[in-house]
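Just so it is clear, none of the values below were taken in a lab; they were calculated from the coordinates. Because the structure is predicted, anything quoted here is derived from the model rather than measured. Every residue, glycine as well, gets a Cβ built from its backbone with ideal geometry; the counts of neighbours run over all protein chains shown.
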Amino acid sequence: MKSFIVTKIQWASYGDMALPFFTQWNKQNKLPKGFWQRIWEYPFVKLHIPHHDICLDVGGTYPFVLFKHFPNTISLDIRDLNTLDHPLHKGKWPKERLIIGDAQHMPFRDNQFRYSFSISAIEEMPDPVAVLQEMVRVTKHRIVLTMDVSDTLGIDHEKLKDMLAFLHIELPAVSNDILCSDDTRQKQYHQPLLHQYNHIRVLGIVIDRDDQIKECGILIPHSESLPFLKLCIQSIQGYAHPNVKQHIYVIDDNSQDGSYGQAQKLWGSDSDISLIQIKRDNFAVPDIGQLLDRSLEHVQEQFVAMIDADVFAMNNDWLRYPIWLLEKNGCSSVGCDTGLSLSYMDKVPGVWKNATGYQQGFSLFSNDFFTCTNNFYRVCRTADAKVVSSLVGYRRIKTTTNRILNKTVNKVSARVNALFKKRLIPYMYVDFPNADNDVRANYFIDANKLGPKFSLPIINWLGKTTSDGVFGQNICSLIFHFALSSRALNTSHQEIIDVGKEYMKYATIVQQGKLGVSLLAKWFLRVSLNSSATIQSGPWWVAQYEAFKKSYQEYIKTI
C-alpha cells in the first residue's frame, strides 16, 4: 500500500465557526433544520478539497450541496439514492454522477481520483478501515474525512481506535468550545437545539500522500523575458533532485515580442515542459496572480512551486528542501516574503501581529504572525493552492464598497479582542486595492487558520533599486532572483519606470544578450556568504543564514 500521512486532525468547534470562511459560507448557504454538524463539515471540506477537480465522494453527499460546491465530483454509494424515500435524494441524481457500489470494494482503478472525501458517512459503514484502505488505493493526492463520534450514533470507540491505529495518530484534546447540537450558538445558523444528539462530536481528518519520490509542478509565468526564461529552465533541469519528479509549466502572458513562438521551438517537443499561453482581461497591468489562477488547473502533481522567470536554482535542494520544511511543519506554504507583509500590515489594522514591523527572517510563522510568501518563490501542496485560488484568487483585485466598513469593524474587533485577550469578534475580509504578489491570498490563509508559513529570507544581494528594494537576491543559497524584470523591463506593460542606475547596469547586460551560465556563476559568487567577494549585507542577514544552515544540516541527515 502507498504511503500516506495525516496532515490535520481536529474536532469541530465554534472557534472554527467564527473564522471568516465558515461565517461567510453559512451566510451564503442556509442549511435545512437538523443539519447542525454540516454547518462545520461542508466548509471544512471546501477548504481542503479543490472543488473544480474530478473528485470522489464516498457516501452520497446531498446533491443540493454537492453539485453546487463540487460540480465535477462522482459519488459512490451502496444504495440507489434516486429511489430513496428522501426528499433531498429522490430523483435528484444524474446517472453519470452516482455509482452504485460497495465502498469496501470500489469499482475504480488505482489513483483514479486526485482527491476524495467522505462527509458523515464512513462511520455508518460496517468496516471503516476497509473503506479508508480503498480510498487510499483510488486516491492519488488527498483524502478528507468528517465523521460523527459517538458510541450510539456515530463511529464507536472500538472502530475509532482501529481507524486511528491504521492512520498512526492519536485523538486531539477536546476544547471547551466544541461543536454540539444543543449549544445556543446553533441558533445563529438557523438550527434548532437538539438535546438528543448532544453526545455526538464531529471529527475532521485530512490525509495526504507521503511518497519518497515527490511530484512537483513548477509554474513559471513569463512575459517577454525569454533570456531569463531559457537560463531559468536550464538551471531547473541542471539542479533536478533525484527524489523530485518535476514538470515545468511555462505560462506565457500573451507576449508580444515573438517569444512564445521561440519557446515552442525550444521546448515544444519536451515531455517534461508544458507551454500555455494566456490572454488576460487586464493585460494593461502586470498581473502575475491571474496567470497563476488560470494555470493551476493544469497542474497534476501533488506539490506546486511558483517562481518567476528570473529565478535561477543554486543547488539541487531548491525544491526538495522547501517540501521537507512544508511536511515537517504542516505548512500551508514555504517561500520568501521580501518585506511584503511590512508594506501591507497597516492596510488591515489589528489582524496581524506585525504591527511592530519585525523583519521576516528564517522562521516558522503561525497564522497570527503574518508573513506573505511571495509568488516569485513559493512551494505548497497543489490542493491548498487550488483551494485558495478558487475561493479568493491570487490575482489583483479592485477596492470594494465594503472595504471602509470592514476596516472599521476590524479596528473595533482589535480593541475588544485585546481587552478580553480572546478573539470574541471575528475579523472581516478586507480587499487590498491593487495588491499584487498574492497578498490577499496570504491573508485568506492566515484569517482562516489554514496552516503556518515558513519564511526563507533574502540573505544577500547584488544591489539596490531606487524604491523597490534589493535585486540580485540570494534566498538562503537555494535560488538567485534577479527581481522586477517583468515589471521594469517589459515593453507591453511596464509598471516600474525608475529602477535606478545600479539595476539598469545589470539589466543592460541581459538585454544585450550576454546573460549566460558563466555570468550567472559570477553573480552567484558575489552574493555567496561563503565567498571572499561577499557584499556584506549585515549581521542580521548573516544570522538568518546561520539559522538556515542549522536547519539544512538536519534536512541532510533526514533525507
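List of remarks:
- Rounded Å value of the spacing that divides the Cα centres of region 196-215 and region 1-63: 11
- Only DSSP H runs of four or more residues enter the estimate; each adds -39500 (n - 2.57), and after division by the residues of the chain the mean residue ellipticity at 222 nm equals -9500 deg cm²/dmol.
- Neighbour-count ranking [beta-carbon atoms within 10 angstrom, fewest first] of SER259, SER343: SER343, SER259
- Cα-Cα pairs of region 4-209 separated by more than 22 Å (percent): 47
- Qualifying lysines (Cα of each under 22 Å from Cα of LYS522; at least 8 residues distant if same chain): LYS230, LYS464, LYS501, LYS505, LYS514
- ARG38, ARG378 arranged by Cβ crowding within 10 Å, fewest neighbours leading: ARG38, ARG378
- Interchain or long-range residues, amide H under 5 Å from LEU98's placed H: SER75
- Expressed as a fraction of 2.2 N^0.38 Å, the value expected for a compact globular protein of N residues, the C-alpha radius of gyration of region 440-484 is 1.48.
- Structure-derived mean projected area of the Cα convex hull in nm² - corresponding label in [x] 31.6; [y] 26.9; [z] 29.8: [y]
- 3J(HN,Hα) along region 196-202, derived from phi through the Karplus expression 6.51 cos²θ - 1.76 cosθ + 1.60 where θ = phi - 60°, amounts to 6, 10, 6, 8, 8, 10, 10 Hz, with x in place of Gly and Pro.
- Applying 1/(1 + (r/R0)^6) with r as the Cβ-Cβ distance of GLN188 and LYS505 and R0 = 45 angstrom yields a FRET efficiency of 0.15.
- Amide H contacts of LYS464: PHE471, each under 5 Å away and 5 or more positions distant or on a separate chain (H built 1.01 Å from N in the peptide plane; Pro and chain starts excluded).
- Here the spin labels are modelled as points 7 Å beyond Cα on the Cα-Cβ line, and at LYS279 and HIS199 they lie 6.4 nm apart.
- Amide H contacts under 5 Å for GLU215: LYS245, GLN302, PHE303, restricted to partners 5 or more places along the chain or on a different chain, H placed in the peptide plane at 1.01 Å from N.
- Fewest-first ranking of LYS161, LYS279, LYS386, using other Cβ atoms within 10 Å as the exposure measure: LYS279, LYS161, LYS386
- Put a plus charge on the Cβ of each Lys and Arg, a minus charge on the Cβ of each Asp and Glu, and nothing anywhere else: the dipole of the chain about its Cα centre is then about 1260 debye.
- THR83 paired with LYS68, simple spin-label distance in nm, labels 7 Å along Cα-to-beta-carbon: 2.9
- For the residue pairs LYS33/LYS161; LYS95/LYS159; LYS2/LYS328, the C-alpha atoms sit more than 28 angstrom apart in LYS33/LYS161; LYS95/LYS159.
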